[in-house]
1. Look through region 149-161, keep the residues that are within 16 Å of Leu117 (Cα to Cα) and free of Cβ contacts under 8 Å to residues at least 60 places away in the same chain, and return whichever of them is most open to solvent (accessible area, probe 1.4 Å).
2. For region 1-19, how many residues are under 19 Å from Trp108 (Cβ atoms) and open to solvent by 30 Å² or more (accessible area, probe 1.4 Å)?
3. From Arg116, Arg123, which residue is of a type outside the set (S, T, N, Q), closer than 25 Å to Pro95 by Cβ and open to solvent by 80 Å² or more (accessible area, probe 1.4 Å)?
4. Considering only residues that are in contact with a strand residue (DSSP E or B) (Cβ under 7 Å, 6 or more places away or on another chain) and under 18 Å from Arg134 (Cα atoms), look in region 162-177 and name the one that is most open to solvent (accessible area, probe 1.4 Å).
5. Which of the residues belonging to region 74-90 are closer than 17 Å to Leu117 by Cα and loosely packed, with under 15 Cβ neighbours inside 10 Å?
6. Which condition does Gly51 not pass, out of (1) open to solvent by 30 Å² or more (accessible area, probe 1.4 Å); (2) under 29 Å from Arg1 (Cα atoms); (3) out of contact with any Cys (no Cβ under 7 Å at 6 or more places or on another chain), if it passes all the others?
7. Scan region 14-35 residue by residue and report those that are touching a residue at least 40 places away in the same chain (Cβ under 8 Å) and part of a strand (DSSP E or B).
Amino acid sequence: RLPGAWFGEGVTVQAGRCIQLLWREGLLLVRDARTLKLRDTVALPSGISEGWGITGDGAGSLFVSDGSDILHELDAHSFRVKRRIAVHAAGRPLPNLNELQWVRGEVWANLWHEDRLPVIEPRSGAVRCFVDLRGLLTAEERRSLGRTPALQQEAVLNGLAYDEPTGRLLVTGKLWPRLFAIATEALQKVEQKP
């Protein structure tokens, strides 16, 4: 449980540790993956303005987003910045990177307030394609989200998890009534400009 003033965001499990970002507090919480007992609280490295999304490659690197077009690659043990990766599609920066997942050697992200996922080549930052997730919710379901216009505006795609053994991507959003399990091989991937 987080203190009331803290806002939890991205989470990844790497090498027996559950690592959670806090949105505006500038912190990483490191927990035991089995018990969730807090092991450590670590300041985010300089240059990461907020904690939005986090994933890991299982080989010593974490990738962190802060809502910009930059992926911050961190050492998974020391949390020091290894490099900063400018994400781009069709030669243009791609801002609003949010939740992140490592899927078969690539970083899949959701874009805040969009229903498409860029598939990012982690070495270069190039977007190989976008995954189109429009249509997961019906028009009626979208209209029913939130009781006020402000809540409806924020009822966006905002949750990704990858289940490696099954090859399924789990997708949901803020205030969404369902969790979708989608075979990654069946997803429509389209080349398009940002």
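1. Of region 149-161, the ones within 16 Å of Leu117 (Cα to Cα) are 156-161.
Imposing the further condition that a residue be free of Cβ contacts under 8 Å to residues at least 60 places away in the same chain reduces the set to 156-157.
Details: Val156: 17, Leu157: 1 Å².
Checking each candidate, the answer is Val156.
2. Keep residues of region 1-19 that are under 19 Å from Trp108 (Cβ atoms), which gives 9-14, 19.
Of the ones still in play, those that are also open to solvent by 30 Å² or more (accessible area, probe 1.4 Å) are 9, 11, 13.
Count: 3.
3. Details: Arg116 fails: open to solvent by 80 Å² or more (accessible area, probe 1.4 Å).
From the options Arg116, Arg123, the qualifying one is Arg123.
4. Step one: list which residues in region 162-177 are in contact with a strand residue (DSSP E or B) (Cβ under 7 Å, 6 or more places away or on another chain), which gives 162-163, 167-174.
Next, only the ones that are under 18 Å from Arg134 (Cα atoms) stay: 168-174.
Values: Arg168: 93, Leu169: 1, Leu170: 47, Val171: 0, Thr172: 39, Gly173: 14, Lys174: 72 Å².
My answer is Arg168.
5. Ala86, Ala90
6. In the conditions (1) open to solvent by 30 Å² or more (accessible area, probe 1.4 Å); (2) under 29 Å from Arg1 (Cα atoms); (3) out of contact with any Cys (no Cβ under 7 Å at 6 or more places or on another chain), Gly51 misses (1) alone.
7. Step one: filter region 14-35 for residues touching a residue at least 40 places away in the same chain (Cβ under 8 Å), giving 14-15, 19, 21, 28.
Selection gives Gln14, Ile19, Leu21, Leu28.
Residue by residue, here is whether (1) under 15 Å from Thr12 (Cβ atoms); (2) touching a residue at least 24 places away in the same chain (Cβ under 8 Å) holds:
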{"site": "Lys82", "(1), (2)": "no, no"}
{"site": "Leu94", "(1), (2)": "no, yes"}
{"site": "Trp102", "(1), (2)": "yes, yes"}
{"site": "Gly125", "(1), (2)": "no, yes"}
{"site": "Gly135", "(1), (2)": "no, no"}
{"site": "Ala139", "(1), (2)": "no, no"}
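The values are calculated or read from the model by the stated rules, or taken from the named source; none is laboratory data. Given the structure is predicted, the values throughout are model-derived calculations rather than measurements. Cβ atoms come from the backbone with ideal geometry, glycine included; neighbour counts cover every protein chain shown. To get the accessible areas, we keep the full protein, side chains included, count just its heavy atoms, and leave off ligands, DNA and RNA. Shrake-Rupley method; radii C 1.70, N 1.55, O 1.52, S 1.80 Å.
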